[in-house]
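Accompanying notes for the structure given below.
The values are calculated or read from the model by the stated rules, or taken from the named source; none is laboratory data. Quick caveat: nothing in here was measured; it's all calculated off a predicted structure. Using ideal geometry, Cβ is built from the backbone for each residue, glycine included, and neighbour counts are taken over all protein chains shown. Ligands, DNA and RNA are excluded from the accessible area calculation, which covers all protein heavy atoms including side chains. Shrake-Rupley method; radii C 1.70, N 1.55, O 1.52, S 1.80 Å.
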Amino acid sequence: VVMYQITPRVFADTLSLLAVIPHLDSIKSLGTNVVWIMPIYPIGLEKSKNSPYSVADYCAVNPEFGSLDDFKTLVDECHKRGMAFIMDWVANHTAWDSKWIEEGHSDWYIRDTDGNIIYPEGTDWTDVADLDYDNQDMRRRMTEIMIYWVEECGVDGFRCDVADMVPADFWKECIGAIREKAGRPILMLAEGDNPDNFASGFDL
């Protein structure tokens, strides 16, 4: 695997998904066979650090980067050049003003003894809210949305942010479900060094 990471903001201040396309031949010429794009979702505004890893809506594209159709076009153009395309997936946490919190799913998050949602313990990631993997409804929804991107946009897998902070049994269930639904090779890359990631189905 020769992987090229795309940071959309490097390519253009606005509508950067389409701005990447003229560079794909050059990216391909490096020997690249997998393109990995950093998170393309809307970024939370509450307690924000303007980080793409603070996801407000897992099902949408940040208008700063373009539209869903722009994203599909970029995936298609990579495929035309024989390159697989993987998304950056942030499964450990969301933005404080995420769609899930706004919909009332506070029970999908880790909370303190007073019932307040907290940021990930042991970190300084104050711009994000920590998800609770003891909640089965949240786990199912997370898997469904990942399958959505595979089916709707043709992505070929995911680079999973801080994979070690998400339970291995979730990854095993999730990866198995994605691959079964896709019916084609799905590349899974874990950011982490836990050997359990391989047992869970990660390739890299």
**OP:** With r as the distance between the Cβ atoms of R140 and L30 and R0 = 45 Å, compute the FRET efficiency 1/(1 + (r/R0)^6) and round to 0.05.
**Re:** 0.70
Original post:
Solvent-accessible area per residue for the range 108-168 at a 1.4 Å probe radius, Å²?
Top reply: 45 Å²
Original post:
So what is the calculated 222 nm ellipticity per residue for the chain, using -39500 (n - 2.57) for each DSSP H run with n of 4 or more, over all residues, to the nearest 500 deg cm²/dmol?
Top reply: -9500 deg cm²/dmol
Original post:
Based on the Cβ-Cβ distance of A12 and E180, what FRET efficiency does E = 1/(1 + (r/R0)^6) give at R0 = 30 Å, to the nearest 0.05?
Top reply: 0.20
Original post:
To the nearest 10 square angstrom, how much accessible area does T126 have with a 1.4 angstrom probe?
Top reply: 60 Å²
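Carbon and sulfur atoms: what percent of the 1.4 Å accessible area of the chain do they account for?
The computed percentage sits at 50.
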**OP:** Please build a GNM for the chain, connecting alpha carbons under 10 Å apart, and tell me which residue among P185, P52, P120 fluctuates the most.
**Re:** P185
Subject >> Dipole magnitude (debye, nearest 20) for the range 152-204, charges at Cβ of Lys, Arg, Asp, Glu >> reply: 260 debye
Original post:
Can you give the charge dipole size of the chain about its Cα centre, rounded to the nearest 20 debye, using +1 on the beta carbon of Lys and Arg and -1 on the beta carbon of Asp and Glu?
Top reply: 860 debye
Original post:
Kirkwood hydrodynamic radius (Cα pairs, Å) of the range 1-71?
Top reply: 12.9 Å
Original post:
Taking the Cα-to-Cβ direction at A60 and at E191 and moving 7 Å from each Cα, how far apart do the two end points lie in nm?
Top reply: 2.2 nm
Original post:
Among (1) 21.2, 62; (2) 16.1, 47; (3) 16.7, 55, which one is Rg and Dmax of the Cα atoms in Å computed from these coordinates?
Top reply: (3)
Original post:
Taking every DSSP beta bridge that has both residues in the chain, what percent is antiparallel when rounded to the nearest 5?
Top reply: 30 percent
Subject >> Normalised contact order of the chain, rounded percent, pairs of Cα under 8 Å and 6 or more residues apart >> reply: 18 percent
